[in-house]
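A.B. asks: This is the structure, below, for whatever I ask next.
The values are calculated or read from the model by the stated rules, or taken from the named source; none is laboratory data. All values reported here derive from a predicted model rather than from experimental measurement. Glycine also receives a Cβ, built like all others from the backbone with ideal geometry; neighbour counts cover every protein chain displayed. When the accessible area is computed, the model is the full protein with side chains, heavy atoms only, and any ligands, DNA or RNA have been set aside. Shrake-Rupley method; radii C 1.70, N 1.55, O 1.52, S 1.80 Å.
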Amino acid sequence: MSADQPGPASGGPATFVNTFTLRTTPEEFEDVFARTARFMERQPGFLGYTLVRHLEQPHSYVNIARWSDVASFRAAVGQSDFRPHAEALRAISTSSSDLYLERRSATGEAR
């Protein structure tokens with residue numbers, strides 16, 4: 001296991017966390033989300049994402065997306081081409097989101 005690595009005091013990698021509560025089926029949501037993810041994957045500064053579904057509440061999801069910096073994230077969501085993706089997700093879910101700066105991280109080895 002690696003030691004904890006301190007993150008930058010300011011700037012640096014940003015993490016966008018978005019929670020979703022569905023008004024549709026999980027299958028439809030995942031299809032709409034996949035189209036949005038493909039759009040984001042093409043944006044400068046995008047590092048990756050993880051979409052997770054709640055184990056006991058299948059209509060609850062969390063997306064954790066990593067960006068090289070806050071400016072890259074804001075540029076991506078500020079594009080007019082992003083608007084249809086946001087509207088499609090809002091049509092089938094409610095969400096709450098926040099943007100975080102990385103402070104510490106650790107990785108583990110498989111056992």
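A.B. asks: Counting only residues that are among the β-branched types (Val, Ile, Thr) and in contact (Cβ under 8 Å) with a residue 60 or more places away in the chain, which one in the range 14-37 is nearest to ARG74 (Cα to Cα)?
C.D. replies: THR15
A.B. asks: For the range 38-78, how many residues meet the condition of being without any contact (Cβ under 8 Å) to a residue 24 or more places away in the chain and closer than 17 Å to ALA14 by Cβ?
C.D. replies: The qualifying residues number 7.
A.B. asks: Looking at THR25, THR50, THR36, which is the one that is modelled with pLDDT of 95 or more and surrounded by 13 or more Cβ atoms within 10 Å (Cβ to Cβ)?
C.D. replies: None of the others qualify; the one that does is THR36.
A.B. asks: Which one is farthest from THR19 (Cα to Cα) among residues in the range 53-88 that are loosely packed, with under 14 Cβ neighbours inside 10 Å and acidic (Asp, Glu)?
C.D. replies: Here the residue is ASP81.
A.B. asks: Now for a different question. Failed condition for GLU102, given (1) open to solvent by less than 60 Å² (accessible area, probe 1.4 Å); (2) closer than 19 Å to ARG35 by Cβ, with all others met?
C.D. replies: Tallying (1) open to solvent by less than 60 Å² (accessible area, probe 1.4 Å); (2) closer than 19 Å to ARG35 by Cβ, GLU102 fails exactly one: (2).
A.B. asks: Based on this model, can you work out whether ALA91 counts as open to solvent by less than 40 Å² (accessible area, probe 1.4 Å) and closer than 20 Å to PHE20 by Cα?
C.D. replies: For ALA91, the condition - open to solvent by less than 40 Å² (accessible area, probe 1.4 Å) and closer than 20 Å to PHE20 by Cα - is not met.
A.B. asks: Sticking with this structure for a sec: If I ask for residues that are farther than 19 Å from THR15 by Cα and out of contact with any strand residue (DSSP E or B) (no Cβ under 7 Å at 6 or more places or on another chain), which ones from the range 90-107 would you list?
C.D. replies: ARG90, ALA91, listed by residue number.
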